[in-house]
1. Considering Cα pairs under 8 angstrom that are at least six residues apart, work out the relative contact order of region 77-168 and quote it in whole percent.
2. Scan region 96-141 for trypsin sites (Lys or Arg not before Pro) in coil per DSSP, keeping those whose Cβ has at most 10 other Cβ atoms within 10 Å, and list them by number.
3. Taking the Cα centroid of region 207-250 and of region 69-128, what is the distance between the two, rounded to the nearest whole Å?
4. With a/c under 1.5 counting as rounded, go ahead and sort region 154-274 into rounded, prolate or oblate using the C-alpha gyration tensor (a ≥ b ≥ c being the square roots of the eigenvalues; past the cut-off, prolate if a/b is larger than b/c, else oblate).
5. log10 I(q)/I(0), Debye, Cα-only region 5-100, no solvent, q = 0.11, 0.12, 0.19 Å⁻¹?
6. What shape does region 2-247 have by the C-alpha gyration tensor, where a ≥ b ≥ c are the square roots of the eigenvalues, rounded means a/c under 1.5, and otherwise prolate means a/b greater than b/c and oblate the rest?
7. For the chain, give the magnitude of the charge dipole about the Cα centre (Cβ charges: +1 Lys/Arg, -1 Asp/Glu; no others), in debye to the nearest 20.
8. Tally Lys/Arg at +1 and Asp/Glu at -1 over every other residue whose Cβ is under 11 Å from the Cβ of residue 139; what's the total?
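Laboratory data are not the source of any read-out in this text; all were calculated from the coordinates shown. Just so it is clear, the structure is predicted and the values come from calculations on it, not from any experiment. Reconstructed Cβ throughout: ideal geometry from the backbone, glycine too, with neighbour counts over all protein chains shown.
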Amino acid sequence: MINFALLQTDIKFCEPEYNFENAKKLFKEAMSNAPIPDVVVLPEDWSYGFSDKMYHDMDNFCEPENGPSVFVLQNLAKEYKVWVVGGSIATKSSADKKIRNTTFLINRNGEIVGDYSKMHLYSDMDENHMIEPGDKADVIETELGKFGLMICYDIRFCELGRIYALKGAEAIIVTSDFPNPRVSHWKTLLRARAIENQLFVVACNRVGESPMGTYCGHSIIIDPWGETIAEGGENQEIIYGSVDLSVIKNIRETIHTFRDRHPEFYEKEGLLKK
């Protein structure tokens with residue numbers, strides 16, 4: 001079993017020091033729970049919050065890849081000997097100097113063992129004009145299992161979930177700032193990604209408000225049948241839930257959706273190129 005704790009935080013816009021202290025408080029509370037969490041997950045933009053106003057001044061909001069937000073998470077991982085899915089952070093690459101919205105996977109020793117940059121950027125708010133899309137979808141193999149990562153808007157794109165499944169992912173971990181009033185979209189899309197790919201979905205969303213509006217919470221853990229293991233409400237809280245990855249094999253042998261695919265037809269019709 002893998003024990004998850006989802007920190008459904010109320011993020012204060014552009015107040016990183018407050019958000020750091022809030023995260024530390026919630027970590028301490030989560031790690032006093034029984035069973036002790038193996039993985040702690042934070043929401044998208046957990047340290048600064050989010051607003052379209054940021055897109056026009058991103059250089060003042062982004063951090064280097066080894067900046068203070070990552071440093072806080074690495075220290076918490078080491079202190080509590082827990083895996084951390086580090087929400088997401090606007091980071092400027094040391095290699096190409098481009099800004100991306102990036103989630104970091106940190107192990108119990110505080111080491112970054114994987115990362116994912118948001119691939120699908122929300123063009124209706126010009127996110128794609130200010131941030132560079134990610135271009136990789138690695139499945140990260142850990143002592144716990146094989147994980148794929150998504151960020152918020154990514155959940156609307158079934159292709160990414162299928163790529164992860166075909167690469168062997170056993171769980172997709174989502175960090176998000178999903179807004180009101182679209183909570184029904186949030187839950188439906190996450191459930192669809194779990195069912196169609198026959199894997200677990202673990203999704204941490206924020207609550208509270210920003211200059212953009214309010215956020216719907218309802219962080220959730222869903223099994224490969226689409227059943228809810230645990231779900232939060234609309235206030236700051238910690239959502240706990242455990243998953244058993246061993247059930248995936250039986251489920252995939254019960255309904256053979258991967259065996260019954262026809263990729264040769266999809267390619268013939270150009271569906272893999274559009």
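1. Details: 151 pairs, mean separation 19.2, N = 92.
That works out to 21 percent.
2. Numbers: sites: 97, 98, 100, 108, 118, 136; in loops: 97, 98, 108, 118, 136.
The qualifying sites are 97, 136.
3. 20 Å
4. On the way: a/c = 3.02, a/b = 1.52, b/c = 1.99.
It comes out oblate by the Cα gyration axes.
5. Cα-only, vacuum Debye calculation for region 5-100: -0.33, -0.38, -0.88.
6. Numbers: a/c = 1.28, a/b = 1.16, b/c = 1.10.
Note, shape of region 2-247 comes out rounded.
7. Here the size comes out at about 520 debye.
8. Numbers: positive: 136, 146, 167; negative: 138, 141, 170.
Spelling it out: positives minus negatives among the neighbours equals 0.
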